[in-house]
1. Can you pull out the GluC sites (Glu not before Pro) in the stretch 120-194 that DSSP calls coil and that have at most 15 other Cβ atoms within 10 Å?
2. Within the chain, what whole-number % of the accessible surface is contributed by carbon and sulfur, with the 1.4 Å probe and all protein chains included in the calculation?
3. With every protein chain left in place and a probe of 1.4 Å, what is the accessible surface of ILE121, to the nearest 10 Å²?
4. Would you kindly derive the ³J(HN,Hα) couplings of the stretch 116-129 from the backbone phi angles with the Karplus curve 6.51 cos²θ - 1.76 cosθ + 1.60 (θ = phi - 60°), listing them in order in whole Hz, with x for Gly and Pro?
5. I'd like the per residue volume of the convex hull spanned by the Cα atoms of the stretch 142-186, given in cubic angstrom.
6. Which value, in debye to the nearest 20, gives the size of the charge dipole of the chain about its Cα centre, when Lys and Arg are +1 and Asp and Glu are -1 at the Cβ?
7. Taking the full set of protein chains and a 1.4 angstrom probe, give the accessible area of THR199 in square angstrom, rounded to the nearest 10.
8. What is the stretch 78-212's relative contact order, in percent, from Cα pairs under 8 angstrom and six or more apart in sequence?
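The values are calculated or read from the model by the stated rules, or taken from the named source; none is laboratory data. Given the structure is predicted, the values throughout are model-derived calculations rather than measurements. Virtual Cβ from ideal backbone geometry, glycine too; neighbours counted across all protein chains shown. Each accessible area value is taken on the protein alone, full model and side chains, heavy atoms only, with ligands, DNA and RNA left out. Shrake-Rupley method; radii C 1.70, N 1.55, O 1.52, S 1.80 Å.
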Amino acid sequence: MEWTERQQRIVEIVKASGSITGEKIASMLNLTRATLRPDLTILTMSGVLVARPRVGYSYREDLGPSPIMERMLQLRVCAFKSMPVTVLENASIYEAAVAMFTQNVGSLTVVREDRVLLGMISRKDIMKASIGKIDLQQVPVGVIMTRMPNIYMATLDEPVLSAAKKLVQHQVDSLPVVEEYVDENGNECYEVVGRFTKTNVTKLFVEIAETE
(Lines give C-alpha, C1' and ligand atoms only; values in the text may rest on other atoms or scores of the structure.)
Protein backbone atom coordinates (compact mmCIF):
# COMPACT_ATOMS: atom_id res chain seq x y z
CA MET A 1 0.00 0.00 0.00
CA GLU A 2 1.23 3.53 -0.76
CA TRP A 3 1.52 5.76 2.30
CA THR A 4 1.31 9.53 2.59
CA GLU A 5 4.44 11.51 3.49
CA ARG A 6 3.13 12.00 7.03
CA GLN A 7 2.36 8.30 7.47
CA GLN A 8 5.88 7.42 6.30
CA ARG A 9 7.30 9.89 8.83
CA ILE A 10 5.22 8.28 11.61
CA VAL A 11 6.59 4.83 10.72
CA GLU A 12 10.16 6.20 10.79
CA ILE A 13 9.60 7.73 14.24
CA VAL A 14 8.14 4.52 15.67
CA LYS A 15 10.90 2.35 14.17
CA ALA A 16 13.56 4.61 15.68
CA SER A 17 11.87 4.74 19.08
CA GLY A 18 11.03 1.08 19.59
CA SER A 19 7.76 2.02 21.27
CA ILE A 20 6.22 5.45 21.64
CA THR A 21 2.87 6.97 22.59
CA GLY A 22 0.61 8.77 20.16
CA GLU A 23 1.00 11.97 22.18
CA LYS A 24 4.79 11.92 21.75
CA ILE A 25 4.50 11.22 18.01
CA ALA A 26 2.11 14.16 17.66
CA SER A 27 4.50 16.40 19.61
CA MET A 28 7.44 15.45 17.38
CA LEU A 29 5.40 16.32 14.29
CA ASN A 30 3.97 19.53 15.82
CA LEU A 31 0.45 18.18 15.40
CA THR A 32 -2.45 17.47 17.73
CA ARG A 33 -3.28 13.91 18.75
CA ALA A 34 -6.69 14.27 17.05
CA THR A 35 -5.07 15.25 13.74
CA LEU A 36 -2.81 12.23 13.88
CA ARG A 37 -5.48 9.71 14.88
CA PRO A 38 -6.68 8.77 11.34
CA ASP A 39 -3.11 8.08 10.21
CA LEU A 40 -2.38 5.94 13.26
CA THR A 41 -5.63 4.04 12.70
CA ILE A 42 -4.75 3.23 9.11
CA LEU A 43 -1.18 2.19 9.98
CA THR A 44 -2.39 0.02 12.86
CA MET A 45 -5.18 -1.68 10.94
CA SER A 46 -2.87 -2.34 8.02
CA GLY A 47 -0.49 -4.16 10.35
CA VAL A 48 2.51 -1.82 10.03
CA LEU A 49 2.18 -0.62 13.63
CA VAL A 50 1.05 -2.44 16.76
CA ALA A 51 -0.85 -0.49 19.42
CA ARG A 52 -0.60 -1.62 23.05
CA PRO A 53 -2.48 -0.04 25.97
CA ARG A 54 -0.28 2.07 28.29
CA VAL A 55 2.74 1.29 26.08
CA GLY A 56 2.03 3.00 22.79
CA TYR A 57 2.91 2.13 19.22
CA SER A 58 5.65 -0.19 18.03
CA TYR A 59 6.82 -1.22 14.58
CA ARG A 60 5.70 -4.64 13.39
CA GLU A 61 8.78 -6.43 12.04
CA ASP A 62 6.71 -9.11 10.32
CA LEU A 63 5.00 -7.08 7.61
CA GLY A 64 2.66 -9.85 6.55
CA PRO A 65 -0.97 -8.70 6.64
CA SER A 66 -2.59 -8.72 10.06
CA PRO A 67 -5.90 -10.60 10.52
CA ILE A 68 -7.75 -7.31 10.67
CA MET A 69 -6.00 -6.09 7.51
CA GLU A 70 -6.90 -9.29 5.67
CA ARG A 71 -10.52 -8.81 6.60
CA MET A 72 -10.47 -5.13 5.65
CA LEU A 73 -9.11 -5.94 2.21
CA GLN A 74 -12.03 -8.29 1.64
CA LEU A 75 -14.69 -5.71 2.52
CA ARG A 76 -16.13 -3.63 -0.30
CA VAL A 77 -17.80 -0.24 -0.40
CA CYS A 78 -21.04 -1.71 -1.78
CA ALA A 79 -21.72 -3.43 1.56
CA PHE A 80 -21.30 -0.28 3.68
CA LYS A 81 -22.40 2.68 1.54
CA SER A 82 -25.30 4.93 2.48
CA MET A 83 -28.11 6.27 0.34
CA PRO A 84 -26.99 9.27 -1.75
CA VAL A 85 -28.17 12.76 -0.83
CA THR A 86 -28.36 14.74 -4.05
CA VAL A 87 -29.56 18.01 -5.56
CA LEU A 88 -29.94 19.05 -9.17
CA GLU A 89 -27.54 21.58 -10.67
CA ASN A 90 -30.30 24.15 -11.10
CA ALA A 91 -31.46 23.92 -7.47
CA SER A 92 -30.89 27.16 -5.56
CA ILE A 93 -28.25 27.52 -2.89
CA TYR A 94 -31.08 28.08 -0.41
CA GLU A 95 -32.69 24.76 -1.40
CA ALA A 96 -29.33 23.04 -1.00
CA ALA A 97 -28.92 24.52 2.48
CA VAL A 98 -32.37 23.28 3.49
CA ALA A 99 -31.62 19.80 2.11
CA MET A 100 -28.31 19.70 3.98
CA PHE A 101 -30.06 20.67 7.23
CA THR A 102 -33.04 18.33 6.91
CA GLN A 103 -30.88 15.37 5.83
CA ASN A 104 -28.25 16.14 8.49
CA VAL A 105 -25.29 15.84 6.11
CA GLY A 106 -22.16 17.91 5.59
CA SER A 107 -22.14 17.80 1.80
CA LEU A 108 -24.44 17.20 -1.15
CA THR A 109 -23.82 15.50 -4.46
CA VAL A 110 -24.92 17.56 -7.47
CA VAL A 111 -26.36 15.50 -10.31
CA ARG A 112 -28.21 15.71 -13.62
CA GLU A 113 -31.76 14.44 -13.98
CA ASP A 114 -30.33 11.01 -14.91
CA ARG A 115 -28.24 10.97 -11.67
CA VAL A 116 -24.94 11.54 -13.47
CA LEU A 117 -22.38 13.16 -11.17
CA LEU A 118 -21.67 16.84 -11.87
CA GLY A 119 -20.13 18.13 -8.66
CA MET A 120 -20.16 18.46 -4.88
CA ILE A 121 -21.27 21.25 -2.55
CA SER A 122 -20.17 21.49 1.08
CA ARG A 123 -21.22 23.45 4.16
CA LYS A 124 -18.20 25.67 3.60
CA ASP A 125 -19.40 26.46 0.06
CA ILE A 126 -22.80 27.51 1.40
CA MET A 127 -21.25 29.56 4.21
CA LYS A 128 -19.04 31.43 1.74
CA ALA A 129 -22.07 32.17 -0.43
CA SER A 130 -24.09 33.30 2.61
CA ILE A 131 -21.64 36.02 3.58
CA GLY A 132 -21.53 37.35 0.03
CA LYS A 133 -23.97 39.72 -1.65
CA ILE A 134 -25.97 37.15 -3.60
CA ASP A 135 -29.59 36.06 -3.39
CA LEU A 136 -29.41 32.47 -2.11
CA GLN A 137 -32.91 31.75 -3.42
CA GLN A 138 -32.01 32.79 -6.95
CA VAL A 139 -28.45 31.57 -7.51
CA PRO A 140 -28.15 27.87 -8.48
CA VAL A 141 -25.71 25.53 -6.72
CA GLY A 142 -23.93 25.02 -10.03
CA VAL A 143 -22.35 28.45 -9.55
CA ILE A 144 -20.53 27.52 -6.31
CA MET A 145 -20.08 23.74 -6.48
CA THR A 146 -16.79 21.91 -7.00
CA ARG A 147 -17.01 20.46 -10.48
CA MET A 148 -15.77 17.35 -12.21
CA PRO A 149 -13.02 16.28 -12.64
CA ASN A 150 -12.02 17.67 -9.21
CA ILE A 151 -14.25 15.21 -7.33
CA TYR A 152 -12.99 12.27 -5.28
CA MET A 153 -15.15 9.19 -5.81
CA ALA A 154 -15.49 5.58 -4.72
CA THR A 155 -16.75 2.59 -6.69
CA LEU A 156 -18.97 -0.24 -5.52
CA ASP A 157 -16.22 -2.89 -5.65
CA GLU A 158 -13.51 -0.69 -4.12
CA PRO A 159 -12.00 -1.90 -0.80
CA VAL A 160 -13.36 0.10 2.13
CA LEU A 161 -9.79 0.74 3.30
CA SER A 162 -9.00 2.46 0.00
CA ALA A 163 -12.13 4.62 0.25
CA ALA A 164 -11.38 5.46 3.91
CA LYS A 165 -7.87 6.52 2.92
CA LYS A 166 -9.33 8.96 0.36
CA LEU A 167 -11.46 10.54 3.10
CA VAL A 168 -8.37 11.07 5.24
CA GLN A 169 -5.97 12.19 2.51
CA HIS A 170 -8.33 14.68 0.88
CA GLN A 171 -9.97 15.84 4.15
CA VAL A 172 -13.53 15.38 2.91
CA ASP A 173 -16.60 14.17 4.79
CA SER A 174 -17.96 11.89 2.09
CA LEU A 175 -17.35 10.34 -1.30
CA PRO A 176 -20.02 9.80 -3.96
CA VAL A 177 -20.23 6.11 -4.83
CA VAL A 178 -20.53 5.76 -8.59
CA GLU A 179 -20.95 3.32 -11.44
CA GLU A 180 -19.05 4.31 -14.58
CA TYR A 181 -20.43 3.94 -18.10
CA VAL A 182 -19.94 5.42 -21.57
CA ASP A 183 -22.89 7.21 -23.15
CA GLU A 184 -23.92 7.15 -26.81
CA ASN A 185 -21.56 10.04 -27.54
CA GLY A 186 -18.56 8.23 -26.12
CA ASN A 187 -18.42 10.36 -22.95
CA GLU A 188 -17.44 8.82 -19.62
CA CYS A 189 -20.30 9.23 -17.14
CA TYR A 190 -20.57 8.42 -13.44
CA GLU A 191 -24.01 7.50 -12.13
CA VAL A 192 -24.38 8.22 -8.41
CA VAL A 193 -25.56 5.10 -6.56
CA GLY A 194 -24.60 5.95 -2.98
CA ARG A 195 -22.20 7.77 -0.68
CA PHE A 196 -19.37 6.62 1.56
CA THR A 197 -18.81 8.75 4.65
CA LYS A 198 -16.74 9.07 7.81
CA THR A 199 -19.77 7.74 9.68
CA ASN A 200 -19.70 4.59 7.53
CA VAL A 201 -16.04 4.11 8.45
CA THR A 202 -16.73 4.60 12.16
CA LYS A 203 -19.56 2.06 12.13
CA LEU A 204 -17.33 -0.40 10.28
CA PHE A 205 -14.50 -0.05 12.80
CA VAL A 206 -16.93 -0.57 15.69
CA GLU A 207 -18.35 -3.67 14.00
CA ILE A 208 -14.87 -5.12 13.47
CA ALA A 209 -13.85 -4.35 17.06
CA GLU A 210 -16.96 -6.06 18.44
CA THR A 211 -16.42 -9.21 16.39
CA GLU A 212 -12.68 -9.54 16.97
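1. Loop-located and lightly packed - GLU184.
2. C and S fraction of accessible area: 50 percent.
3. So the heavy atoms of ILE121 present about 0 Å² to solvent.
4. After applying 6.51 cos²θ - 1.76 cosθ + 1.60, I find 6, 5, 10, x, 9, 10, 10, 4, 4, 4, 5, 5, 4, 5 Hz.
5. On the way: hull volume 4.5 nm³, N = 45.
Given the Cα convex hull of the stretch 142-186, per-residue volume reads 100 Å³.
6. Working: 24 positive and 26 negative charges, 234 e Å.
Value, rounded to 20: 1120 debye.
7. Its accessible surface works out to 80 Å², give or take rounding.
8. Numbers: 212 pairs, mean separation 37.8, N = 135.
Normalised by residue count, the contact order of the stretch 78-212 is 28 percent.
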